[in-house]
Amino acid sequence: MKRVTLTQFLIEQQRKEQALPAQLRLLLEIVARACKAISFTVGKGELGDVLGSHGSENIQGEVQKKLDVIANDLLVEANEWGGHLGALASEEMDTIHVIPNRYPKGEYLLLYDPIDGSSNIDVNLTVGTIFSVLVAPEDASGREIGEADFLQPGSRQVAAGYAVYGPQTMLVLSVGTGVFGFTLDREMGAWLLTHQNMSIPAVSSEFAINMSNSRHWAPPMRRYIEECISGTEGPRGKDFNMRWTASMVADVHRILQRGGIFLYPWDAREPNRAGKLRLMYEANPMGFLIEQAGGAATDGQRRILDIQPSALHERVGVVMGSRDEVDLIATYLKTS
Ligand code: AHG
Ligand code: MN
Ligand code: MN
Ligand code: MN
C-alpha cells in the first residue's frame, strides 16, 4: 500500500486548507528532519557515547543529560539558516536564540523541549521532542526579536507537534486542521502518514499521574484520584487503570490513541510554583494537540491555551485528555 509522505501531506494541506504558508511548511519539514536525526542519535545509546549527564545545569535547575544538549543543538543548527525563523526558545537555553545576522530571518518563532522525559534516557525508556510554532508580532519586523515577543497565549500557535522515540519513532502534528501521525520508515528515512485525524474518546478509564506526590496535592485532586482508585466500590462506579511513563510525550501519545487523562497538578512541595511542567514548550503544544483531537486541556480550571504567559520558562499545572474527566476535575476544584 503506497503511503503518503510528510512532504506530500504538507503540500496537500497547503493546497486544501491554505492553512500552511510555504515558510511554515519548510519549518515543519526541517523540524521533522531534525527529529529523525535525534531519533537515530537516541537509538545509539551507549554505542554513541550519548548517555549520561552533560554535567551542566539548565535554567530549570535540572542537571542536563548529554542528549538534552545534543538534541537542543541539533534543532538550532537545523533551523538557523533556513530564513523561516526570527528566533528559537528551548527548555535547555536560558533565553531566546535570535537568528544570527549572517542568515535571513523569517516571521516564525520556534519553541521546543528537545528531549522530554530525560530521566528515561539512561534506562532505555521512551523519550520525545515537543515543538510549538508562533508568529512574531507585526511590530517585530525591522527590529530584533526579544523574549517578550514569545509571550503569547497558546491559542496563537499556528502549529505544534511532537516526536516520540519509542518502539516506533512517530511524528504527531497539527496545523489547526486536526491531528496527524507519521511513522518513520527507517529504511527509506521517510515519515509516512499512518494516523489520520487522531481523536480522543471523551470517556476513559485510565489516568496518568505520579502517585508519589499524592500527599502534596490539593484536596480536590486527592478526591478525584481516590474516587478513580475506589473503582466500582466508589462513586465513579467503574474501575480505572493507571499509567505513568515519566515522559509527557509518551503519556499524551497513549491518551491521543486510547483516551485517558494526564495530570501534573500543583502540589505543596513548591507552593509558590503553579506546577512542574512548562507552559510554553510542554503544556501549550500538547494542549493544542489535545484540543485538536477533541479533548480538553486546563491548569485544573483555566484553559491552558488562554493563559497569558509572563515568563519564557513559566510553569503551570496540567490536566489534559478526555474531556469528561477534565470537566469533572474542574467542578471539584471549583467547589473547593
Ligand atoms: P523533561 O524531561 O523535558 O524535563 O520533562 C519531564 C517532565 C514530563 O515529561 C514528565 O511527565 C514529568 O516531567 C515527569 O515528572 P516526575 O519525574 O516528577 O514524575
Ligand atoms: Mn519535558
Ligand atoms: Mn526536556
Ligand atoms: Mn528537563
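Run down N72, N79 and say which single residue is modelled with pLDDT of 95 or more and within 13 Å of ligand 3 (Cβ to nearest atom).
Among N72, N79, only N72 is modelled with pLDDT of 95 or more and within 13 Å of ligand 3 (Cβ to nearest atom).
Output the number of residues of segment 209-255 satisfying the condition of being in contact with a Ser or Thr (Cβ under 8 Å, 6 or more places away or on another chain), away from ligand 4 (no atom under 16 Å from the Cβ), over 25 Å from T335 (Cβ atoms) and of a type in the set (A, V, I, L, M, F, W, C).
Going through segment 209-255 one residue at a time, the tally reaches 1.
Can you give me the number of residues within segment 1-31 that are buried (at least 18 other Cβ atoms within 10 Å of the Cβ) and not in a helix (DSSP H, G or I)?
Qualifying residue count, segment 1-31: 1.
Condition first: touching a residue at least 40 places away in the same chain (Cβ under 8 Å), closer than 19 Å to L10 by Cα and not β-branched (V, I, T). Can you find one or more residues in segment 151-159 that meet it?
Step one: of segment 151-159, the residues touching a residue at least 40 places away in the same chain (Cβ under 8 Å) are 151-155, 157-159.
Then keep just the ones that are closer than 19 Å to L10 by Cα; that gives 157-159.
Those left that are additionally not β-branched (V, I, T): 157, 159.
Yes.
Failed condition for G287, given (1) of a type outside the set (D, E); (2) in contact with a helix residue (DSSP H, G or I) (Cβ under 7 Å, 6 or more places away or on another chain); (3) under 27 Å from V123 (Cβ atoms), with all others met?
So the condition that G287 fails would be (3).
If we keep just the residues of segment 46-70 that are among the hydrophobic types (A, V, I, L, M, F, W, C) and touching a Gly at 6+ places or on another chain (Cβ under 8 Å), which is farthest from ligand 4 (Cβ to nearest atom)? Outline the logic, then answer.
From segment 46-70, those among the hydrophobic types (A, V, I, L, M, F, W, C) are 47, 50-51, 59, 63, 67, 69-70; that's our starting set.
Imposing the further condition that a residue be touching a Gly at 6+ places or on another chain (Cβ under 8 Å) reduces the set to 51, 63.
Values: L51: 16, V63: 9 Å.
Selected residue: L51.
Within segment 39-65, count every residue that is within 18 Å of Y112 (Cα to Cα), more than 13 Å from ligand 3 (Cβ to nearest atom) and among the charged types (D, E, K, R).
The total comes to 1.
A quick yes/no check of all residues on (1) part of a loop (DSSP other than H, G, I, E, B); (2) more than 16 Å from ligand 4 (Cβ to nearest atom); (3) touching a helix residue (DSSP H, G or I) at 6+ places or on another chain (Cβ under 6 Å); (4) modelled with pLDDT of 95 or more:
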| residue | (1), (2), (3), (4) |
| --- | --- |
| M93 | yes, no, no, yes |
| R102 | yes, yes, no, yes |
| L111 | no, no, yes, yes |
| P114 | no, no, yes, yes |
| N120 | no, no, no, yes |
| T129 | no, no, yes, yes |
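Counting only residues that are at negative phi and within 16 Å of ligand 2 (Cβ to nearest atom), give me the strands (runs of 3 or more DSSP E) lying completely in segment 201-308 with at least 2 of them. Step through it out loud before you land on a result.
Details: elements: 206-208, 261-264, 296-298.
Counting at least 2 such residues, we get 261-264.
The values are calculated or read from the model by the stated rules, or taken from the named source; none is laboratory data. Note that this is a predicted model, so its numbers are computed, not measured. Don't worry about glycine lacking a Cβ; one is built from the backbone with ideal geometry, like all the others, and counts go over all protein chains shown.
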